[in-house]
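Undergrad: Input: one structure, supplied below.
The values are calculated or read from the model by the stated rules, or taken from the named source; none is laboratory data. As the structure is a computational prediction, the values presented were derived from the model and not from experiment. Because the Cβ atoms are built from the backbone with ideal geometry, glycine has one as well, and the counts that use them run over all protein chains shown.
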Amino acid sequence: MAVDETRTKELGAYRVLGLVGRGGMARVYRCQHKHSGQIVAVKVLELSADLNGLALFEGEIRAMQQLRHPYIVPLQDYFLSPELAYLVMPYFENTVADRLSVRLYAPREAAQALAHLAHALDYAHSLGYIHCDLKPSNLMLDGRDQLYLADFGLAKSIGRRHNQQAAFGTPLYMAPELTEGASADVRTDVYALGVLICEMLSGHRPFEAERVTDYFYLHQRAVPPAPSQLNRVPPALDAPVLMALSKSPAERPQSAGEFARLFQEAVARLPEAEQRWNAPLCERPAIVLKPVKSGSGLLRELNEQSTHLRQLEALAARELQPASAPPQRAKGANQALMVVLGALAVALAALIIYLLLR
């Protein structure tokens with residue numbers, strides 16, 4: 001089902017101009033309609049795709065046929081056969097991922113982008129579709145920097161249950177419930193929106209890891225750092241983002257539109273200069289993560305976010321802190337005993353931290 005991008009080929013009425021990108025089951029080509037001359041993007045299912053891959057591809061076509069919205073990339077054409085399967089969309093030069101590689105979003109820009117994206121998602125949710133793969137490379141940008149939602153290849157029906165072995169989506173943006181077998185619902189996309197907005201403002205996602213299972217663990221168990229910890233983002237924007245990143249779907253905004261409203265209200269309270277100011281691109285700062293506390297709401301931990309490192313460093317110190325003025329220096333065996341006990345206390349505190357974050 002794939003074509004050789006090294007030579008000009010034809011896909012029905014479309015002439016292949018070049019490869020744009022590839023994923024696990026498909027490639028996207030820049031093509032030109034042979035008669036109209038229109039430049040389009042053609043997504044072609046890989047020849048190696050199995051029946052499940054074909055079913056997902058057909059599901060994406062069905063979703064795009066139903067989803068007609070100003071901020072959703074429309075389906076222009078498609079073709080399905082045992083030998084070849086492709087769908088045709090408008091061609092966009094850039095994505096939000098391209099934009100973030102050169103310039104971050106100012107709070108006001110992020111609020112506008114989120115408003116449009118939330119409008120598209122609320123519409124999709126109203127028709128029973130959960131996107132389940134929100135990420136910068138799936139957000140197209142036109143020449144005016146207008147955002148369009150693309151790629152419903154992993155979209156799922158509201159309420160459908162999944163197990164950890166069948167977890168789907170991109171681990172960097174995946175809501176914790178998807179890795180635990182819970183049902184996907186609108187709040188699954190809200191979590192991914194929280195990751196997206198954090199990245200658009202700061203240039204960094206809340207969590208970084210080397211293995212997929214590490215991402216699963218961090219999304220499930222680690223308290224996310226606030227955007228203001230990752231870059232020079234106004235701290236007033238931390239609360240709505242962290243609310244969207246709550247481990248419990250019940251503690252998140254209950255719709256994409258609600259999250260967009262809360263974020264817009266936070267932006268509106270900023271001074272005009274801060275609303276328009278873009279944080280600079282920067283290296284990810286060193287942040288010590290801590291485990292989420294059982295039964296605690298994420299918003300109740302907001303004030304603790306900026307002091308992760310100091311709190312963890314102080315833990316061992318508190319173990320040795322005397323309750324009152326220190327007594328006279330002990331001598332002989334007593335002095336040696338105090339040194340040993342102090343060392344054991346430090347080691348115990350370090351072990352507790354390691355076990356909690358392992």
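Undergrad: Going through the range 80-108 one residue at a time, which ones are over 20 Å from V20 (Cβ atoms) and either touching a residue at least 40 places away in the same chain (Cβ under 8 Å) or assigned to a strand (DSSP E or B) (or both)?
TA: Residues satisfying the conditions are L80, E83, R103, L104, Y105, A106, P107, R108.
Undergrad: Can I ask one more? Among the residues of the range 54-71, are any among the hydroxyl-bearing types (S, T, Y), surrounded by 15 or more Cβ atoms within 10 Å (Cβ to Cβ), assigned to a strand (DSSP E or B) and in contact with a helix residue (DSSP H, G or I) (Cβ under 7 Å, 6 or more places away or on another chain)?
TA: No, there is no match, as no residue in the range 54-71 is among the hydroxyl-bearing types (S, T, Y), surrounded by 15 or more Cβ atoms within 10 Å (Cβ to Cβ), assigned to a strand (DSSP E or B) and in contact with a helix residue (DSSP H, G or I) (Cβ under 7 Å, 6 or more places away or on another chain).
Undergrad: Where residues in the range 172-210 are charged (D, E, K, R) and either modelled with pLDDT of 90 or more or not assigned by TED's automatic domain parsing to the domain that holds R103 (or both), which of them is surrounded by the fewest Cβ atoms within 10 Å (Cβ to Cβ)?
TA: E208
Undergrad: Related question: Within the set of pairs 6 or more residues apart or between chains, which connect a residue that is in contact (Cβ under 8 Å) with a residue 12 or more places away in the chain inside the range 249-269 to a residue that is part of a loop (DSSP other than H, G, I, E, B) and polar (S, T, N, Q) with Cβ atoms less than 7 Å apart?
TA: Within 7 Å, the pairs are R252/S246.
Undergrad: Among the candidates D189, D238, D151, which residue alone is part of a helix (DSSP H, G or I), within 25 Å of E60 (Cβ to Cβ) and touching a helix residue (DSSP H, G or I) at 6+ places or on another chain (Cβ under 6 Å)?
TA: Going through D189, D238, D151 in turn, the sole match is D189.
Undergrad: Is one or more of the residues making up the range 116-138 surrounded by fewer than 19 Cβ atoms within 10 Å (Cβ to Cβ), modelled with pLDDT under 95 and part of a loop (DSSP other than H, G, I, E, B)?
TA: Among the residues of the range 116-138, not one is surrounded by fewer than 19 Cβ atoms within 10 Å (Cβ to Cβ), modelled with pLDDT under 95 and part of a loop (DSSP other than H, G, I, E, B), which makes the answer no.
Undergrad: Would you point out which residue out of L45, L87, L17 is within 30 Å of L114 (Cβ to Cβ) and of a type in the set (A, V, I, L, M)?
TA: From the options L45, L87, L17, the qualifying one is L87.
Undergrad: Another question, then. Would you please name the residue that is nearest to A118 (Cα to Cα), looking only at residues in the range 214-258 that are more than 15 Å from the chain's Cα centre (by Cα) and basic (K, R)?
TA: Applying the filter and picking the extreme gives R232.
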